[in-house]
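Down below is the structure, laid out as C-alpha cells.
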C-alpha cells in the first residue's frame, strides 16, 4: 500500500484488502506460549470488561491483577500492567489448562494479535487514519495456518470495534495527561488520584458521581443519563469528558 506517511524501517502497513493467514487454536503446537512471560498494558476499557467478567469490583481487580507503573508514553500519569502469576513461567493469571478463562472479555492486545494498530491524527482537519501492521514472532506458528483474513474481517472476527472506539477515547484523555495538568501538586496529588479513580476504578467513580450528583451539573439528555446510570461503558465515556472539565480543558459537556 502506498502512503505518504513514513513508518519505522521494516514496518509496512497492510492494504485494506490484503489477505494474511493466521489462526490460533489448540491444535497449533505453540498454543498458549504467548500467554506466558508477556508484558501487557491494560487500558481502562480492558479493566472494565475483565472486572465485569470476573464479577468483582474494579478496585478488587486492580489489587489482585494489576501492577501500577510509570506511564508508557509520558511520566505524568501511571499506566497499569497485567500482574503475571508467580508460577515459574510468568503465566497470565487468566490462563487455564485448556486456554483463556476470560476469552469473551480478553484485553484488546490479545484480540489484536497478530496485528498492531497505529492511528495518525490531523487535529486541524479533525480526521484520522488507521494503519495495521503484521507482527511475526518466531514462537508463533499461527501464521502457518491456512485460514485467511483481511484487516476488516479480523476486526469483525475479534470484535475489536468497541475496543478500538474506547481505546481512542482513552488515548485522547491520556494526551491531556501528557500535558502535565496537575499544576503545582505534581504526580500523586489529589487531582491525579481523582483522575486515576475516574479512569481505572469505575465502580468507585460511580459512587463519586452519585455522592456529588455530578450528572445534575451538566445539560445531558434524559436517555444519556439513563445509559450512564445503567452502563459502565457509558459511565467511562462520561468520566473522560468530566475529567476534561475538572482539569480545565475543553470538553463536550455543557455546564448548567
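Scanning the stretch 138-167 for residues that are outside any loop (DSSP other than H, G, I, E, B) and surrounded by 14 or more Cβ atoms within 10 Å (Cβ to Cβ) yields 142, 143, 149, 151, 154, 155, 163, 164, 166, 167. Summed over the stretch 206-245, the residues that are free of Cβ contacts under 8 Å to residues at least 24 places away in the same chain and under 18 Å from residue 59 (Cβ atoms) give a count of 4. Confirm whether residue 82 is closer than 21 Å to residue 232 by Cβ and loosely packed, with under 12 Cβ neighbours inside 10 Å. Answer is no for this residue. Would you say residue 13 is modelled with pLDDT under 95, within 22 Å of the chain's Cα centre (by Cα) and within 30 Å of residue 194 (Cα to Cα)? For residue 13, the condition - modelled with pLDDT under 95, within 22 Å of the chain's Cα centre (by Cα) and within 30 Å of residue 194 (Cα to Cα) - is not met. With a requirement of 2 or more residues that are loosely packed, with under 15 Cβ neighbours inside 10 Å and in the same structural domain as residue 47 (by TED's automatic domain parsing), none of the helices (runs of 4 or more DSSP H) lying completely within the stretch 175-240 satisfies it.
Could you please let me know if residue 103 is surrounded by 13 or more Cβ atoms within 10 Å (Cβ to Cβ) and either under 17 Å from residue 36 (Cβ atoms) or over 16 Å from the mean Cα position of the chain (by Cα) (or both)? So residue 103 fails the test. Only residues that are surrounded by 15 or more Cβ atoms within 10 Å (Cβ to Cβ) and modelled with pLDDT under 90: list them for the stretch 53-75, please. Residue satisfying the conditions is 71 alone. Of all residues assigned to the stretch 245-253, at least one qualifies as being surrounded by 11 or more Cβ atoms within 10 Å (Cβ to Cβ), on the phi < 0 side of the Ramachandran plot and not in a loop (DSSP other than H, G, I, E, B). For the stretch 69-92, what are the residues that are closer than 18 Å to residue 37 by Cβ and either outside any loop (DSSP other than H, G, I, E, B) or not assigned by TED's automatic domain parsing to the domain that holds residue 33 (or both)? Those that are closer than 18 Å to residue 37 by Cβ and either outside any loop (DSSP other than H, G, I, E, B) or not assigned by TED's automatic domain parsing to the domain that holds residue 33 (or both): 69, 81, 82, 91.
Against the definition (farther than 25 Å from residue 173 by Cβ, over 14 Å from the mean Cα position of the chain (by Cα) and outside any helix (DSSP H, G or I)), how does residue 28 come out, yes or no? Answer is yes for this residue.
The values are calculated or read from the model by the stated rules, or taken from the named source; none is laboratory data. If you're wondering where the values come from, they're calculated on a predicted model, not measured in any experiment. Note: ideal-geometry Cβ built from the backbone for every residue, glycine included; neighbour counts use all protein chains shown.
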